[in-house]
Structure formats: structure tokens, C-alpha cells
Amino acid sequence: MITNNTISIFSKTIKEQKNKQQEASIWDDSVFEDIDTLKNDYSGKAGELFAKQLCEQHDLAHVYDEDIVNQEDGTYDITIKGKLIEIKTARVANTGNNWQHESLRDYGSDYFMFIDISPDSIYLSIFSSKFDFSKKHPVFGRTPHKRKGSDGIYKFDFGSKQHAVGIKNGLTLKIDKSTTDKEVKDFLDKRI
């Protein structure tokens with residue numbers, strides 16, 4: 001009897017916290033509302049498929065095999081125009097303008113594609129992965145953080161400042177309802 005009561009108490013507490021979390025969510029009524037319900041692997045897969053579909057829509061030569069995790073020739077998710085691209089998908093945190101990109105490698109790709117999602121827009125950043133990870137990125141002004149106990153694996157967080165600098169320097173495109181398909185195509189053609 002005590003076990004059932006204890007389990008019931010905790011179950012009720014979890015439901016109360018879930019309700020509070022949902023009430024505080026910035027994603028309610030967003031066109032991207034469902035991203036907040038996806039676990040990391042699934043939101044990452046959504047980003048990969050988004051990149052693939054952009055390539056198809058804009059006739060960009062690409063190779064994507066969603067079943068291969070690490071290829072023999074590097075660590076990347078897709079090739080576009082012969083370039084190895086590692087894709088990182090992040091959603092903005094409920095408590096600020098911060099997007100976390102996990103498990104970046106300082107080897108095995110030519111470019112990073114960050115797909116940063118906010119409730120009303122996507123920040124698409126494409127930039128060379130060939131920079132010194134121990135120093136601030138030359139454009140974004142932020143240093144990736146090496147993961148403890150890892151060799152060559154980093155975390156690279158972006159905020160609104162990085163997006164603004166990326167837009168100014170042509171490394172980031174803000175995509176919202178007013179962005180045209182031509183603007184997306186032109187950005188992809190220029191960056192890759």
C-alpha cells in the first residue's frame with residue numbers, strides 16, 4: 001500500500017510539473033510548435049531531412065543516406081555540391097536566446113550547417129569547419145568548449161549576437177514568413 005501511494009504521489013507531482021512546463025512554453029501556437037516535443041535524435045533527424053529537402057527543392061547536387069552515422073571519409077550528415085556537411089539542429093531555450101550545438105568534431109567535415117529554430121523563424125548558418133577550435137571563431141566571436149573526457153568533440157553555443165553577426169557577414173540567413181525561396185536558394189548557392 002505504501003508503495004502505491006508513494007508512486008501515486010510522484011506521478012501526480014510529475015504531471016503538475018509537466019503542466020507548469022507547458023504553460024511556460026514559448027512554443028505554443030508556433031508554426032514550429034512540435035519541435036519542442038521531439039527528443040534530440042528526432043529533432044536532429046528533422047534538421048537533416050530539412051537540409052535534404054532544401055537541396056531537392058533548389059536542385060543542389062547532394063548525397064544523403066540517413067542510415068549511415070559515421071562514414072569512412074569523415075563525420076558528416078550530407079554532401080552538398082561535393083562538400084561534407086555536419087548538420088546541427090537546435091531549438092531556442094525557453095529562458096533566453098540561446099541555441100546549443102552538441103558533439104561537433106574538429107575533423108571529418110568541410111562545413112557546419114546550424115539550423116537554429118525559434119518560434120517564428122529559422123536561423124540557417126553555414127560556415128567552414130576548418131578553424132581553430134581552441135580560439136574564438138573569427139566571425140562569430142565565440143569559442144567552442146571541448147567536452148570533458150573527449151578527443152576533438154565540442155559544444156558550440158550561439159545566441160542572438162552570433163546570429164546578428166552571421167547575418168551581417170553573410171554566414172547566416174534568417175528565414176521567416178517574409179523570406180522568399182529565391183533568397184534561400186541564393187544563400188545556399190553562395191555558402192556552399
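On inspection, Lys182 passes the criterion of being out of contact with any Pro (no Cβ under 7 Å at 6 or more places or on another chain), within 26 Å of Glu56 (Cβ to Cβ) and not in a loop (DSSP other than H, G, I, E, B).
A residue that is hydroxyl-bearing (Ser, Thr, Tyr), within 12 Å of Tyr154 (Cβ to Cβ) and crowded, with 20+ Cβ neighbours inside 10 Å occurs somewhere in region 122-143.
Contact map, region 138-164: first residue more than 19 Å from Gly108 (Cβ to Cβ) and touching a residue at least 60 places away in the same chain (Cβ under 8 Å), second residue of a type in the set (S, T, N, Q) and buried (at least 18 other Cβ atoms within 10 Å of the Cβ), Cβ cut-off under 8 Å, separation 6 or more or different chains; pairs are Phe158/Ser125.
Within region 151-179, the set of residues being part of a loop (DSSP other than H, G, I, E, B) and among the charged types (D, E, K, R) comprises Asp151, Asp176, Lys177.
Residues are listed down the side, and each one gets a yes or a no for (1) modelled with pLDDT of 95 or more; (2) of a type in the set (Gly, Ala, Ser); (3) within 19 Å of the chain's Cα centre (by Cα); (4) surrounded by 11 or more Cβ atoms within 10 Å (Cβ to Cβ):
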| position | (1), (2), (3), (4) |
| --- | --- |
| Asp28 | no, no, no, yes |
| Val31 | no, no, yes, yes |
| Gln53 | yes, no, yes, yes |
| Asn70 | no, no, yes, no |
| Asp77 | no, no, yes, yes |
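The values are calculated or read from the model by the stated rules, or taken from the named source; none is laboratory data. As the structure is a prediction and not an experimental result, all values here were calculated from the model. So basically every Cβ, Gly included, is an ideal-geometry build from the backbone, and we count neighbours across all protein chains shown.
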